[in-house]
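Colleague: My structure is below; once you've seen it, I'll send some questions.
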Amino acid sequence: MVSGRHLKAYLLAIVSISLAVTGRLILVPVIGAQFPFATLFIAVMASASYGGLGPGLFATALGALGAVRFMLPADGRGVGGGVEFWVGLSLYFVVSVGMAVLGAELLRARGRAELLAERASQDRDQLRITLASIGEGVIVTDVRGRIVSMNVAAETLTGWKADEAPGRLFEAVFKTVDQDTRAPLPSRVMEVLHSKAASPLQDAILQARDGRDRWIDNTAAPMRDGDGSVAGVVIVFREIGERRRGEVAQRLLASIVESSQDAIYGKSLDGIITSWNAGAARLYGYEAEEVLGQPSTILTPADRLAEQSAILINMHEVAEHFETVRMRKDGSVIHVSTSISPVRNENGAVVGSSTISRDITLQKRAEEELRKAQEQLREGDRLKDEFLAILAHELRNPLAPLRNALGILKKADGNSAAARDARDMGERQVHHLARLVDDLLDVSRITHGRIELKKELVRLSVAVEHAVQSADSTIRAHHHRLTIDLPPEPVWLMADEVRLAQILANLLNNAAQYTSPGGEISLTAVKNGLAAEICVTDTGLGIAPEALPRVFDMFTQVSPKESRAPTSLGIGLRLVKRLVEMHGGSVEARSAGTGLGSVFTVRLPLHQAPEIRMDQTQPVSVMASARRKILIVDDNADAAESLAVLLSLDGHDTSVASNGPAALEAMEMAPPHVAFLDIGMPGMDGYEVARKVRANPHLGNVKLVALTGWGQDHDRRRAREAGFDHHLTKPVEPSLLNAVILTGR
């Protein structure tokens, strides 16, 4: 099918040849018969140039026909007549065919050029559209480093308009500084022009025309022409502020995580450890290379594996601040407070979890200790309440018979049997009250470490005798039978005789109180190696197995609640234990159970027997028969007079003074052998009287005895410092008074 252009080409050939033939005929009168085909050559060239080879050859043939028809007359004598005409016609064919071929080539060359130009135009348009649409900035320079063009993104980033930047030096538009030092950076264009090679990617701060700083990365590459020569430079750059901020935030977050004191580590969905900070290394003892890629169960004790499985199942949920236990590398178990949060990717899908753990072992230990302390406080408070109730009961018990005894003494004849019984009852109850007060004071001294032992060589039988005397009234009141079984040879101990007797008396009283009336109590002693073993056994209420470990605790009552046994303060056995331990011994309680009696065994170290001296063999009865002159000084008239009567009944000569000055005057007139001084007297107290007596050489042989209600350790110390020989706490056993009176200073 003939295209429109080809049809036009053939029409052009017809028109061109027609005009050429007509023109040549018109020129016949001017130039004659010379060059008959001159105008035809022009028509053929035009046809071939426009239409190519076909129209050119068509024009050639058409021109020949026209020449023969219009230029060669019938008689052969026209414009081209003769031989010259036919030679010219032949030359015309040869030249016209060549011109047709040449015209066709020119047409094809022109077509190719037009195609290339069109394609180049299309490429330029495509490049312009592409550069305008991409987010990266693009700047093109020439070989002198001057800007040729820039795209819209480059305008936005640099602040320069596309119609302002061309012709300017690249450095004037694209100013960059170092991201750390902010020092100006060298021109990327000059680097490329000098090296004739592309430059690597570089991060920098672009200082825009409006003064704002933009984080960018940029690269530059040479543009080459057809022969490979550098024709310019293209720079591509983009803003990376968000990325940089993200990187800074990630580095900051990584730094925070790494420097955190808490253990922070990540896990995959299947529980594999994927990250591990320094805090985790400190807490668990594993370095990162030891745990990365390991299952997180290496941190979980065997009894918590079910908990770990539940955590893995619920990794899509946040678990905040739950307390659990974990295992360190060395196998030790620690308490931790843990939070677990899911880790999501950019699409929001959970890809793992992050765990934050803090060691709360010390806190849990402190909480446990606090809990125990609170329990102890509650128990102590309960025991205190019980103790106060028992103390009130125990103090009221002797007060009631004392009141009754005083009533009897008022009404009965002083020598009657009722009066004698009342006096005996009053004496027993006063003794009981004194023992209660002594126990209270002793337990306070022992608790605060203020009790001092006065150790000396003591024969066990003497201490046992004193203990039996002290407990005799309680034992008799309960109608118990007491048996004593001691070794036939003397048993010597280095002990405080008073405290040793107190130990044994407390055990005997305890046995008497917790044994039903008519029971049996025994005190036995044996030598066992280097120790003396003293056992107090009773047939009483016994001790339940669960109560045995706390039988020596303060305020402990171990009798069955349903029993009707008499109560005590619950401090006697505590005193026994502490006093025995202070002597270097031990005490043990045994019982076959409730209702089966008890056995308390005291073990004390034995001591070598002393050498016998003659003065030690003197009978006590000889010393006890000595008569002494005694002065009693007390502002309480009843106390002074009653003591004077009591001592006079023992055969002593007694006198009374009611204050310090009167006492000094009495001693100056007739120095006594012994002076009992109250401490808390008004005006001149007992300490001052003692100091004045010790300062008087005429009274140097007077034995001074402090007789006071103040019985703490510092009271005894003050008495010694003031010059007293003895310190007695009211009320005092008559036997102890006589012992003090008859002993030497």
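The values are calculated or read from the model by the stated rules, or taken from the named source; none is laboratory data. These numbers come from a predicted model, not from an experiment. Don't worry about glycine lacking a Cβ; one is built from the backbone with ideal geometry, like all the others, and counts go over all protein chains shown. To get the accessible areas, we keep the full protein, side chains included, count just its heavy atoms, and leave off ligands, DNA and RNA. Shrake-Rupley method; radii C 1.70, N 1.55, O 1.52, S 1.80 Å.
Colleague: Look through region 172-203, keep the residues that are modelled with pLDDT under 90 and in a strand (DSSP E or B), and return whichever of them is most open to solvent (accessible area, probe 1.4 Å).
Modeller: LEU201
Colleague: I would also like to ask the following. Anything in region 559-591 that is in a loop (DSSP other than H, G, I, E, B), closer than 15 Å to LEU541 by Cβ and either at pLDDT below 90 or basic (Lys, Arg) (or both)? List them, or say none. Can you show your working first?
Modeller: Residues of region 559-591 in a loop (DSSP other than H, G, I, E, B): 559-571, 583-585, 591.
Still in the running and closer than 15 Å to LEU541 by Cβ: 559-568, 570, 591.
Passing the criteria: SER559, PRO560, LYS561, GLU562, SER563, ARG564, ALA565, PRO566, THR567, SER568, GLY570.
Colleague: Might you check whether a residue that is hydroxyl-bearing (Ser, Thr, Tyr), open to solvent by 10 Å² or more (accessible area, probe 1.4 Å) and part of a helix (DSSP H, G or I) occurs anywhere in region 644-667? Break it down into steps so the answer makes sense when it comes.
Modeller: First, pick out the residues of region 644-667 that are hydroxyl-bearing (Ser, Thr, Tyr): 648, 654-655, 658.
Among the residues that remain, those that are also open to solvent by 10 Å² or more (accessible area, probe 1.4 Å) are: 648, 654-655, 658.
Now narrow it down to the ones that are part of a helix (DSSP H, G or I): 648.
Yes; the residues of region 644-667 include at least one that is hydroxyl-bearing (Ser, Thr, Tyr), open to solvent by 10 Å² or more (accessible area, probe 1.4 Å) and part of a helix (DSSP H, G or I).
Colleague: When the residues of region 1-18 are filtered to those that are open to solvent by 50 Å² or more (accessible area, probe 1.4 Å) and in contact with a helix residue (DSSP H, G or I) (Cβ under 7 Å, 6 or more places away or on another chain), which remaining residue is modelled with the lowest pLDDT?
Modeller: Restricting to residues being open to solvent by 50 Å² or more (accessible area, probe 1.4 Å) and in contact with a helix residue (DSSP H, G or I) (Cβ under 7 Å, 6 or more places away or on another chain), the top hit is HIS6.
Colleague: Hand me the list of strands (runs of 3 or more DSSP E) wholly inside region 486-538 holding 1 or more residues that are free of Cβ contacts under 8 Å to residues at least 60 places away in the same chain and over 24 Å from MET582 (Cα atoms). Before the answer, list the steps.
Modeller: On the way: elements: 492-495, 520-528, 531-538.
Qualifying strands (runs of 3 or more DSSP E): 520-528.
Colleague: A further question on this structure: I'd like to verify a number: residues in region 676-718 that are farther than 15 Å from GLY660 by Cβ and either in a loop (DSSP other than H, G, I, E, B) or within 60 Å of the chain's Cα centre (by Cα) (or both), how many?
Modeller: 12
Colleague: So, one more: So which of LEU362, LEU399, LEU391 is at pLDDT 75 or above, over 24 Å from SER275 (Cβ atoms), of a type in the set (A, V, I, L, M, F, W, C) and not in a strand (DSSP E or B)? Talk me through it step by step, then tell me what you get.
Modeller: Values: LEU399 fails: at pLDDT 75 or above; LEU391 fails: at pLDDT 75 or above.
Unique residue meeting the criteria: LEU362.
Colleague: Restricting attention to region 138-152, does a residue exist that is part of a strand (DSSP E or B), modelled with pLDDT of 85 or more and among the charged types (D, E, K, R)? Before you say what the answer is, go through the steps one by one.
Modeller: Taking region 138-152 as the starting set, the residues that turn out to be part of a strand (DSSP E or B) are 138-142, 146-150.
If we keep only those that are modelled with pLDDT of 85 or more as well, we get 138-142, 146-150.
Within this subset, residues satisfying the condition of being among the charged types (D, E, K, R) are 142, 146.
Yes, region 138-152 has at least one match.
Colleague: Please enumerate the residues belonging to region 488-526 that are open to solvent by 10 Å² or more (accessible area, probe 1.4 Å), among the β-branched types (Val, Ile, Thr) and over 18 Å from ARG603 (Cβ atoms).
Modeller: Once the filter is applied, which keeps residues that are open to solvent by 10 Å² or more (accessible area, probe 1.4 Å), among the β-branched types (Val, Ile, Thr) and over 18 Å from ARG603 (Cβ atoms), region 488-526 yields only VAL498.
Colleague: Considering each of GLY540, GLY529 in turn, give the residue that is over 54 Å from the mean Cα position of the chain (by Cα) and open to solvent by 40 Å² or more (accessible area, probe 1.4 Å). Walk me through how you get there before you give the answer.
Modeller: Numbers: GLY540 fails: open to solvent by 40 Å² or more (accessible area, probe 1.4 Å).
The match here is GLY529.
Colleague: Run down LEU453, LEU441, LEU436, LEU504 and say which single residue is at pLDDT 90 or above and among the hydrophobic types (A, V, I, L, M, F, W, C). Before the answer, list the steps.
Modeller: Numbers: LEU453 fails: at pLDDT 90 or above; LEU441 fails: at pLDDT 90 or above; LEU436 fails: at pLDDT 90 or above.
Exactly one residue qualifies, and that residue is LEU504.
Colleague: Let me ask you something else. If I ask for residues that are touching a residue at least 60 places away in the same chain (Cβ under 8 Å) and open to solvent by 10 Å² or more (accessible area, probe 1.4 Å), which ones from region 675-713 would you list?
Modeller: Passing the criteria: LEU707, GLN712, ASP713.
Colleague: Sticking with this structure for a sec: Restricting to region 222-244, name every residue that is farther than 19 Å from VAL148 by Cβ, open to solvent by 50 Å² or more (accessible area, probe 1.4 Å) and assigned to a loop (DSSP other than H, G, I, E, B). I'd like the intermediate steps shown before the answer.
Modeller: Of region 222-244, the ones farther than 19 Å from VAL148 by Cβ are 227-228, 238-244.
When the remaining residues are screened for being open to solvent by 50 Å² or more (accessible area, probe 1.4 Å), the result is 227, 238-239, 242-243.
The one that is farther than 19 Å from VAL148 by Cβ, open to solvent by 50 Å² or more (accessible area, probe 1.4 Å) and assigned to a loop (DSSP other than H, G, I, E, B): ASP227.
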